[in-house]
Amino acid sequence: MLKSIATACVVVVAATSCLSAAEKAAAKKDVPPVLDFKMKSLDGEDVDLSKYAGDVVLIVNVASKCGNTPQYKQLEALHEKYGDQGLAILGFPANEFGKQEPGSDEEIREFCTANYGVKFDMFSKVVVKGDGICPLYTFLTSEKTDPKFAGDIKWNFEKFLIGRDGQVVARFDPKMKPDAPEVVGAIETELAR
């Protein structure tokens, strides 16, 4: 009996060690390509976006001095309403459009907290268009990696919705408010999956 158990254990260990690199990768927690990035938080800490795998994620390029800046209020309301159901809102300050995000990370944090009570996850300022574009936004806007929703970011507060399966399922224009029926409906649909 002990000999057959030992033999079975050897067979299992041998089978496990014979897995190909692809099979080993698949055995690890699947990280969708859109979340396979490390970004800096406003506090300067590395954040592995894979921690959001399995959540519904709304990625938004934000700015403090824009006509769309009041959207922070609606984004925070979505966070409060749906955060415990699996919605993660990720704010990425960017200064490409009218230089409307000139502040430092510390100034951005203070502004968001004081004016809008932002509690959703905010990240260090990034480039979302043109020279120096960060890898996350290269992925989101590239025809090769996101053919359905590819194209340059038009302005501050453009929104990408990522489903629980890690697929980009929607892209919303900067002027479309986060509490618009189209946005809320898409979020609720993805949360229900």
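Which of the residues spanning segment 140-151 are touching a residue at least 40 places away in the same chain (Cβ under 8 Å) and out of contact with any helix residue (DSSP H, G or I) (no Cβ under 6 Å at 6 or more places or on another chain)?
Within segment 140-151, 140 is the sole residue that qualifies.
Suppose we keep only residues that are among the acidic types (Asp, Glu) and in contact (Cβ under 8 Å) with a residue 12 or more places away in the chain within segment 26-66. Which one would you say is surrounded by the most Cβ atoms within 10 Å (Cβ to Cβ)?
To start, the set of residues in segment 26-66 that are among the acidic types (Asp, Glu) comprises 30, 36, 43, 45-46, 48, 55.
After this cut, where a residue has to be in contact (Cβ under 8 Å) with a residue 12 or more places away in the chain as well, the list is 30, 36, 43, 55.
Numbers: 30: 13, 36: 15, 43: 12, 55: 19.
Only one residue tops the list, namely 55.
What are the residues in segment 49-82 that are among the aliphatic types (A, V, I, L, M) and closer than 20 Å to residue 133 by Cα, if any? Break it down into steps so the answer makes sense when it comes.
In the first step, residues of segment 49-82 are kept if they are among the aliphatic types (A, V, I, L, M); the result is 49, 53, 56-60, 62-63, 75, 77-78.
If the condition is that a residue be among the aliphatic types (A, V, I, L, M) and closer than 20 Å to residue 133 by Cα, then 49, 58, 59, 60, 62, 63 are the ones that fit.
Kindly provide the set of residues from segment 134-172 that are basic (Lys, Arg) and in contact with a strand residue (DSSP E or B) (Cβ under 9 Å, 6 or more places away or on another chain), ordered by number.
The first filter runs over segment 134-172 and keeps only residues basic (Lys, Arg), leaving 144, 148, 154, 159, 164, 171.
Matches in segment 134-172: 148, 159, 164, 171.
Surrounded by fewer than 19 Cβ atoms within 10 Å (Cβ to Cβ), at negative phi, of a type outside the set (Phe, Trp, Tyr) and not in a loop (DSSP other than H, G, I, E, B): does that describe residue 143? Don't jump to the end; show me each part of the working.
Details: surrounded by fewer than 19 Cβ atoms within 10 Å (Cβ to Cβ): yes; at negative phi: yes; of a type outside the set (Phe, Trp, Tyr): yes; not in a loop (DSSP other than H, G, I, E, B): no.
For residue 143, the condition - surrounded by fewer than 19 Cβ atoms within 10 Å (Cβ to Cβ), at negative phi, of a type outside the set (Phe, Trp, Tyr) and not in a loop (DSSP other than H, G, I, E, B) - is not met.
Identify, please: which residue in segment 124-172 is of a type in the set (D, E, K, R), under 16 Å from residue 90 (Cα atoms) and under 14 Å from the mean Cα position of the chain (by Cα) and is, among those, modelled with the lowest pLDDT? Lay out the reasoning, then the answer.
Applying the first criterion (of a type in the set (D, E, K, R)) to segment 124-172 yields 125, 129, 131, 143-144, 146, 148, 152, 154, 158-159, 164-165, 171.
Subsequent filtering for residues that are under 16 Å from residue 90 (Cα atoms) retains 125, 158-159, 164, 171.
Next cut, under 14 Å from the mean Cα position of the chain (by Cα) only: 158-159, 164, 171.
Working: 158: 98, 159: 98, 164: 94, 171: 98.
The selected residue is 164.
Among (1) farther than 24 Å from residue 41 by Cβ; (2) polar (S, T, N, Q); (3) surrounded by 15 or more Cβ atoms within 10 Å (Cβ to Cβ), where does residue 189 come up short?
The one condition residue 189 does not meet is (3).
Any residue in segment 105-117 that is in a helix (DSSP H, G or I) and small (Gly, Ala, Ser)?
Within segment 105-117, one or more residues are in a helix (DSSP H, G or I) and small (Gly, Ala, Ser).
Look through segment 173-193, keep the residues that are over 16 Å from the mean Cα position of the chain (by Cα) and of a type in the set (Gly, Ala, Ser), and return whichever of them is farthest from residue 69 (Cα to Cα).
Per the criteria, the residue is 192.
What pairs can you find where one residue is in segment 163-175 and touching a residue at least 12 places away in the same chain (Cβ under 8 Å) and closer than 10 Å to residue 34 by Cβ, the other is part of a loop (DSSP other than H, G, I, E, B) and β-branched (Val, Ile, Thr), and their Cβ atoms are less than 9 Å apart, with a gap of 6+ or different chains?
Sorted first by the residue in segment 163-175, then by its partner, the pairs are 166/31.
Restricting to segment 107-134, count the residues that are surrounded by fewer than 19 Cβ atoms within 10 Å (Cβ to Cβ), over 18 Å from residue 151 (Cβ atoms) and acidic (Asp, Glu).
Total satisfying the criteria: 2.
Any residue at all in segment 87-104 that's among the hydrophobic types (A, V, I, L, M, F, W, C), within 14 Å of residue 69 (Cα to Cα), touching a Phe, Trp or Tyr at 6+ places or on another chain (Cβ under 6 Å) and not in a loop (DSSP other than H, G, I, E, B)? Quick ask: steps written out before the conclusion?
The first filter runs over segment 87-104 and keeps only residues among the hydrophobic types (A, V, I, L, M, F, W, C), leaving 87-90, 92, 94, 97.
If we keep only those that are within 14 Å of residue 69 (Cα to Cα) too, we end up with 92, 94, 97.
Okay, now just the ones that are also touching a Phe, Trp or Tyr at 6+ places or on another chain (Cβ under 6 Å), so 92, 97.
Now narrow it down to the ones that are not in a loop (DSSP other than H, G, I, E, B): 92.
Looking through segment 87-104, at least one residue is among the hydrophobic types (A, V, I, L, M, F, W, C), within 14 Å of residue 69 (Cα to Cα), touching a Phe, Trp or Tyr at 6+ places or on another chain (Cβ under 6 Å) and not in a loop (DSSP other than H, G, I, E, B).
The values are calculated or read from the model by the stated rules, or taken from the named source; none is laboratory data. Since the model is a prediction, treat every value here as computed from it, not as a measurement. As a convention, Cβ positions derive from the backbone with ideal geometry for all residues, glycine included, and neighbour counts pool all protein chains shown.
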